[in-house]
Amino acid sequence: MSINASHLVVQRTIGEQPIIIETGKLALQAHGSVIVRRGDTVVLATAVMADKARADIDFLPLTVEFEERLYSAGKIPGSFFRREGRPAAEAILSCRLTDRSIRPLFPKGLHNDVQIILTVLSADPEHPPEILGMIGASAALTISKIPFEGPVGSCRVAYLDGQYIVHPTYDQILRSQLNMVISSNEEAIIMVEAGSNEVSEQIILEGIKQARLANIETINLIKEMEVTAGQAKVEVPVDFEEAQALESQIKSLVIDDLQDVLSLNSFKAERDEGLDKLEEQILEKLSDQHSEQKIGEGFKNVLKGEVRSRILNLGIRPDGRSKEEIRPISCEVGTLPRTHGSGLFTRGQTQVLSVATVGSLTMKQTLDTVGPDSTKRYMHHYNFPPYSTGEARRVGSPGRREIGHGALAERALLAALPDEAEFPYAIRVVSECLGSNGSTSMGSVCGSSLALMDAGVPMKAPVAGIAMGLVTNSDGGYAILSDIQGIEDFLGDMDFKVAGTAQGINALQMDIKFTGLTTSMLEEALEQARRGRIYILDKMTEAISVPREQMSPYAPKMVRIQIPVEKIGAVIGPGGRVIRSIIEETGASIDVSDDGGVTIGSSDQRMLDLARSKIDGLTRELVVGDILTGKIARVTNFGSFVELLPGKDGLLRNEEVGDMEGEPQIGQEVTVMIKEIDSMGRINLSRKALFGDDEDSQNTQSPARTQVPDGAQSRPRSTGGPPGGRGRFNDRDRGRRPGPGSSSNPSGPRNNTSSDRRFTGGERPGSS
């Protein structure tokens, strides 16, 4: 291994702050190593290649790892072991961004293991590390001995208040309408990933233009480093003449049969079976001359050339569709009887069942990440079982592909979901891929939109997605394909996924396999995708056009109230004792936010109401004239202390007890009126005033008013007592009932000034 010992620092202002790239200081035994810094965020990028190529493979064994060290942000991991474990979803998504940006730039025939490790060493609360890792990977590969047709530049672009921001901060990303990551070299776009809020195609195109200009600056910065620190590249031994001769030999053996298989316009399984038989025939005839790996690669190239030729020259796709034609679509909601919401979306042989579940906000996902986000309210998970492609293979935990597809669907739907104030639920959607023949990720977007509306989630608008493809030739000819299937993705030049509403784009993902994508091609693809998206939305609205008015009877009931911020402590209690006691007594879930929003959830309406009444009581302001029922907590020689609300006692002096059978006992319930609140907040109570025996009730003051001390609130007072004869407290009814302005519910709040929005379950139209 060669050690790059020359220390070099280059920097350039791109966006609002400089990007600094340093080499020759850390990880000197790696084949390429750089430190990339912006603000106080620092990422170490290393690149290493195995000395020998793998035998019998026809692909590049590239791996990218994104290591989030929580010490970089001054955090201790929340896991049981208190150390970083398997990569979080956010780290995996960062890996995918880097992988998709650099993979097309390795030379054909490179079969050596290549490993990129990106380690976040320092993370400030303003500058995200993902883009720095992408820039670092490009720089490390460029100055290393590893064959790489770079450099490539990467940046993030936000669209905020009508302005494009290159390399935005976390706060700017949060407030923006568009969050887009673009990688490009000097010639063309390589990768695009975007989440947005119903933005137009024109905003997307201009954002890409701004990003390419910024990426040129990054590329020039890396080239500046390469001049001094660059190493000679290892040559990749590829015999192109031998490969072309083998392809010609294969073509002469199977071209007629291959055309027959492709002309059947058959389903995926039948076509794959025919292609497998042809490949077996070739192996039998040529195995004594060439390796199985070379024969397989040669057959793939022949198949690729024939499929592309039929599309470009004859306008015929593998399944017989025209370029813009979308496969047959069927939509269904309410497929599963006990779930909160379900949607089945079928497009051709691609079939996705999405299931929506709602729960308390306490069910938000907690994130262990170096970024400022600590929780996530909406979670979208994607499963890809082997039977979906007719295969039998090991079933394990979700891989990077599954996590990436789930994240793409999550971005597409997030912009259409109501905020917490409108819909106080945590939401999880699981998309089960039941059949796969291209574009399952976009199928999960469509199925999930159906499931969410079936669950009664008040979405702003339904969301649909479509996958676009591209086929080109050396003469400059091209064809843009709508709703690509698996073989068109595998053999084509572009995988371009667009999801959104009828009004605009919510998510976008594009991977390019060649360097000839022009702006006009991209513009044409976006417009064709828009027409396809509208067509799919029309099909979806035939199944369900608006969210259900009633949620599933199996969904939890939720209520959200607003309490004064200064009362949060009273609800939580010392060490959380008060809120825990309410949860234990009622079984309800309670979530208290920093702004005073309280969300209460329970499957039992009675327990939900009880929990709410307790919180109302804790946050209620007591005033003179209030009538409450409490328990005697302590008895002294001068009176009894009555617990009116949790943590709030009042003194009922002996002379204010009035006519009562027996002596006051601890735990005894008693109904009292607040007679006085002194300047120190001490509460004096009376039963005599409640029943009209108080001397103050006999004076010349209006019976509807009670004199209160300075600073206390004047309040209408009852001149009677609670109904029901002697009642459960052995109180004698002295005559008058509570008059106007007094509480008709002695144990509950006098009024409720909090905002209250309920979401309750119930029978839905058509439910069984």
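Would you mind classifying the range 240-314 by shape? Square roots of the alpha carbon gyration tensor eigenvalues, ordered a ≥ b ≥ c; an a/c under 1.5 is rounded, otherwise it is prolate if a/b is larger than b/c and oblate if not.
Taking the square roots of the gyration eigenvalues as a ≥ b ≥ c, the range 240-314 is oblate.
What does the C-alpha gyration tensor say about the overall shape of the range 280-325? Classify as rounded when a/c is under 1.5, otherwise prolate if a/b is larger than b/c, or oblate.
In terms of gyration-tensor shape, prolate.
Separation between the Val9 and Ser520 pseudo-spin-labels, each 7 Å from Cα along Cα→Cβ, expressed in nm?
Roughly 4.8 nm, to one decimal.
Which residues' amide hydrogens lie under 5 Å from the amide hydrogen of Val199, considering only partners 5 or more residues apart or on another chain, with H built in the peptide plane?
For Val199, the qualifying residues are Ile505.
Cut-off under 20 Å on the C-alpha distance; same-chain residues fewer than 8 positions from Lys557 excluded. Which lysines are left, in chain and number order?
Output for Lys557: Lys364, Lys614.
How many angstrom separate the Cα center of the range 432-478 from the Cα center of the range 599-614?
39
Could you put Leu344, Leu450, Leu353, Leu286 in order, starting from the residue whose Cβ has the fewest other Cβ atoms within 10 Å?
Leu286, Leu344, Leu353, Leu450
Could you please rank Met180, Met363, Met225, placing first whichever residue has the fewest other Cβ atoms within 10 Å of its Cβ?
Listed from fewest to most nearby Cβ atoms, that is Met363, Met225, Met180.
Using Cβ contacts closer than 10 Å as the measure, can you line up Phe267, Phe59 from fewest to most?
Final ranking by Cβ density, sparse to dense: Phe59, Phe267.
For labels at Asp419 and Ile76 in the simple 7 Å Cα→Cβ model, what's the distance in nm?
Label at Asp419, label at Ile76, 3.5 nm between them.
Please determine, in degrees from 0 to 90 and to the nearest 10, the orientation of helix 268-286 with respect to the longest principal axis defined by the Cα atoms of the chain, where the helix direction is its Cα long axis.
30
For a paramagnetic label modelled at 7 Å from the Cα of Asp239 toward its Cβ, which residues of the range 136-158 fall within the zone defined by backbone nitrogen distances under 15 Å?
Counting only backbone N, you get no residues.
How would you classify the range 296-384 from its alpha-carbon gyration tensor, with a ≥ b ≥ c the square roots of the eigenvalues: rounded for a/c under 1.5, else prolate if a/b is greater than b/c, otherwise oblate?
oblate
Read phi for every residue in the range 533-541 and hand back ³J(HN,Hα) as whole Hz from Karplus 6.51 cos²θ - 1.76 cosθ + 1.60, θ = phi - 60°, with x for Gly and Pro.
Values per residue, Gly and Pro as x: 5, 5, 4, 5, 4, 4, 5, 5, 5 Hz.
Whole-Hz Karplus ³J(HN,Hα) for the range 129-134, in order, using 6.51 cos²θ - 1.76 cosθ + 1.60 and θ = phi - 60°, x for Gly and Pro?
Computed from phi, the couplings for the range 129-134 are x, 4, 5, 4, x, 5 Hz.
Can you tell me which of 398-409, 270-281 comes out highest on packing, and rank the rest after it, using the mean Cβ neighbours within 10 Å?
Sorting 398-409, 270-281 by mean packing, highest first, produces 398-409, 270-281.
When you have a sec, figure out the Kirkwood radius of the range 366-488 from all distinct Cα pair distances and drop it here in Å to one decimal?
16.5
³J(HN,Hα) across the range 36-46 via Karplus (A = 6.51, B = -1.76, C = 1.60, θ = phi - 60°), whole Hz, x for Gly/Pro?
With the stated coefficients, the range 36-46 comes to 10, 9, 9, x, 9, 8, 10, 10, 9, 10, 10 Hz.
Would you mind checking the range 280-312 for residues with the amide N under 19 Å from a putative spin-label position 7 Å along Cα→C-beta of Asp272?
The answer is 280-281, 296-297, 299-301, 303-304, 307.
What are the equivalent ellipsoid semi-axes of the range 329-543, built from the alpha-carbon gyration tensor (square roots of five times its eigenvalues), in whole angstrom, biggest first?
Gyration-tensor ellipsoid for the range 329-543: 29, 19, 18 Å.
Jot down the radius of gyration and Dmax of the range 175-260, Cα atoms only, both in angstrom.
According to the Cα coordinates of the range 175-260, Rg and Dmax are 21.8, 60 Å.
Any idea how far the Cα center of the range 203-233 sits from the one of the range 629-656, in Å?
Each part's Cα centre sits 76 Å from the other's.
(i) 45; (ii) 30; (iii) 36: which one is percent of Cα pairs over 42 Å apart as calculated from this entry?
Identified label for the calculated read-out: (i).
I'd like the FRET efficiency for Arg531 and Arg577, computed as 1/(1 + (r/R0)^6) with the beta carbon distance as r and R0 of 51 Å, rounded to 0.05.
The value I calculate is 0.25.
Just to confirm the number: angle between the C-alpha axis of helix 240-263 and the first principal axis of the chain, 0 to 90 degrees, nearest 10?
Tilt of helix 240-263: around 70 degrees.
Report relative contact order for the chain in percent, whole number only (criteria: Cα-Cα under 8 Å, sequence separation at least 6).
Result for the chain is 9 percent.
For a 23 Å ceiling on Cα separation, which of these pairs sit above it: Lys251/Lys304; Lys25/Lys233; Lys108/Lys323; Lys25/Lys513; Lys277/Lys323?
Going by Cα-Cα distance, Lys108/Lys323; Lys25/Lys513; Lys277/Lys323 fall outside the 23 Å limit.
For helix 201-229, report the angle its Cα long axis makes with the longest principal axis of the Cα atoms of the chain; keep it between 0 and 90° and round to the nearest 10°.
Taking Cα atoms only, the helix is inclined about 60 degrees.
Enumerate the amide H contacts of Gly32 below 5 Å, restricted to partners 5 or more residues apart or on another chain; note that Pro and chain-start residues carry no placed amide H.
Here the answer is Ala47, since their amide H atoms fall under 5 Å of that of Gly32.
Under a Cβ-Cβ cut-off of 15 Å, what is the net charge of the residues other than Leu60 that fall near it, where Lys and Arg count +1 and Asp and Glu count -1?
0
Run the numbers for Gln259 and Leu121: contour at 0.36 nm per residue of separation, minus the present Cα-Cα distance, in nm.
Answer, rounded to one decimal: 44.2 nm.
Expressed as a fraction of 2.2 N^0.38 Å, the rule-of-thumb size for a compact globular protein of N residues, what is the C-alpha radius of gyration of the range 172-325?
1.53
Since every read-out is calculated from the coordinates, none of them should be taken as a lab result. All values derive from a computational prediction rather than experimental measurement. Positions of Cβ are generated from backbone atoms using ideal geometry, with glycine treated the same way; all protein chains shown enter the neighbour counts.
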